[in-house]
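A short write-up of the structure that comes next.
The values are calculated or read from the model by the stated rules, or taken from the named source; none is laboratory data. Just so we're clear, the structure is a prediction, and the values are computed from it rather than from any experiment. So basically every Cβ, Gly included, is an ideal-geometry build from the backbone, and we count neighbours across all protein chains shown. Surface accessibility is based on the protein's heavy atoms, side chains included, excluding ligands, DNA and RNA. Shrake-Rupley method; radii C 1.70, N 1.55, O 1.52, S 1.80 Å.
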Amino acid sequence: MTGTERRPGPTGVPSVLPPVPAGITPYITGYSRETPLPLALVADPVRGRLAYADETPYDRDSWGTLWTRTAMPPRGRRGSPRPQVVHPYRQRRAMLDLWCRICKRPVDPGYTGPYLFLRRAEGGPVCEGEHTGSPPLHLPCAAVAVQVCPDLRGCWTAAWARHAPYWGVTGDVHDPRTLAPRAVRVEIQAESSAVRWTVAHRMLVELQHVTPLPRTALEREWARLGRDRLEHEFARTAALTGAV
């Protein structure tokens, strides 16, 4: 074992990482006052799709998909963070513009890639063509994510993806006749006819030109940055994300 290949600490956090300061809340996290809003669903006979009775232009994304409504109180009035909850609108914005899921800053302003993605390690390594609803990360923010994100804590795998184009959504598919839910939280490709009768909850991208990143390799990248640099980046992220 080399000096940079250290064993994880007792909680599964690599020992190369300094602890995350209190107060960092990932950008896509939901809060206690960001509650789901009532949905009055109707069928749009002209366009042949699901709609809201009081629909506004903000209810659909750039592809015309209908999205669930969730309260968005002003910053400072959101309540307490709910780490297990992802806010649909902020997740969509982060996926659309490839913003970091932790700090909101663009991961690659030039959109040339590659992009760093992490997910829970269950099911093996990240594969070519895989779909994900987890936005990418900066390298220092990935060190935050493995400590504060419940879906990653203690069980994560990583990969670089050269491209991450839009693929579709995760959502609830409704029956065109009764409007009753027919399938809940399923992946729907953008080209599928079912997307016209779907209320979306998360945007999905497809990972292309994937290079799996073993856990030890990512730990070496963090070690290369060094604890001082990571602590500086953690403090900057705390300043960006801590106030609710």
* **Index of the failed condition, PRO38 passing every other in (1) loosely packed, with under 13 Cβ neighbours inside 10 Å; (2) at pLDDT 95 or above** => (2)
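Residues THR68, THR25, THR56: which one is open to solvent by less than 50 Å² (accessible area, probe 1.4 Å), β-branched (Val, Ile, Thr) and closer than 15 Å to VAL199 by Cα?
On the way: THR25 fails: closer than 15 Å to VAL199 by Cα; THR56 fails: open to solvent by less than 50 Å² (accessible area, probe 1.4 Å).
Exactly one of THR68, THR25, THR56 is open to solvent by less than 50 Å² (accessible area, probe 1.4 Å), β-branched (Val, Ile, Thr) and closer than 15 Å to VAL199 by Cα, namely THR68.
Check the range 168-180 and report whether any residue there is free of Cβ contacts under 8 Å to residues at least 12 places away in the same chain and either touching a strand residue (DSSP E or B) at 6+ places or on another chain (Cβ under 7 Å) or of a type in the set (Ser, Thr, Tyr) (or both). Write out each step before concluding.
First pass over the range 168-180, keeping only residues free of Cβ contacts under 8 Å to residues at least 12 places away in the same chain: 177-178, 180.
In the following step, the residues that additionally are either touching a strand residue (DSSP E or B) at 6+ places or on another chain (Cβ under 7 Å) or of a type in the set (Ser, Thr, Tyr) (or both) were identified as 178, 180.
Scanning the range 168-180, I find at least one residue that is free of Cβ contacts under 8 Å to residues at least 12 places away in the same chain and either touching a strand residue (DSSP E or B) at 6+ places or on another chain (Cβ under 7 Å) or of a type in the set (Ser, Thr, Tyr) (or both), so the answer is yes.
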* ARG33 is checked against (1) of a type in the set (D, E, K, R); (2) at pLDDT below 95; (3) open to solvent by 70 Å² or more (accessible area, probe 1.4 Å) and fails just one. What number does that condition carry? -> (2)
* To do: Go through (1) open to solvent by less than 30 Å² (accessible area, probe 1.4 Å); (2) closer than 20 Å to PRO214 by Cα one by one and return the number of the condition VAL169 breaks.
  => (2)
* Structure fact -> If we ask which residues in the range 193-244 are of a type in the set (Ser, Thr, Tyr) and open to solvent by 20 Å² or more (accessible area, probe 1.4 Å), their number turns out to be 3
* **Selection within the range 67-99 - in contact with a strand residue (DSSP E or B) (Cβ under 6 Å, 6 or more places away or on another chain) and assigned to a loop (DSSP other than H, G, I, E, B)** => THR68, ARG78, GLY79, HIS87
* For the range 66-118, what are the residues that are over 26 Å from GLU55 (Cβ atoms), within 11 Å of the chain's Cα centre (by Cα) and not basic (Lys, Arg)? -> LEU98, TRP99, CYS100, ILE102, PHE117, LEU118
* Asked: Can we say ARG119 is in contact with a Lys or Arg (Cβ under 8 Å, 6 or more places away or on another chain) and closer than 24 Å to ASP172 by Cβ?
  -> no
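Return yes when PRO150 is touching a Pro at 6+ places or on another chain (Cβ under 7 Å) and either surrounded by fewer than 16 Cβ atoms within 10 Å (Cβ to Cβ) or more than 20 Å from VAL210 (Cα to Cα) (or both) and no when it is not. Step through it out loud before you land on a result.
On the way: touching a Pro at 6+ places or on another chain (Cβ under 7 Å): yes; either surrounded by fewer than 16 Cβ atoms within 10 Å (Cβ to Cβ) or more than 20 Å from VAL210 (Cα to Cα) (or both): yes.
Here the answer is yes, as PRO150 does meet what is asked.
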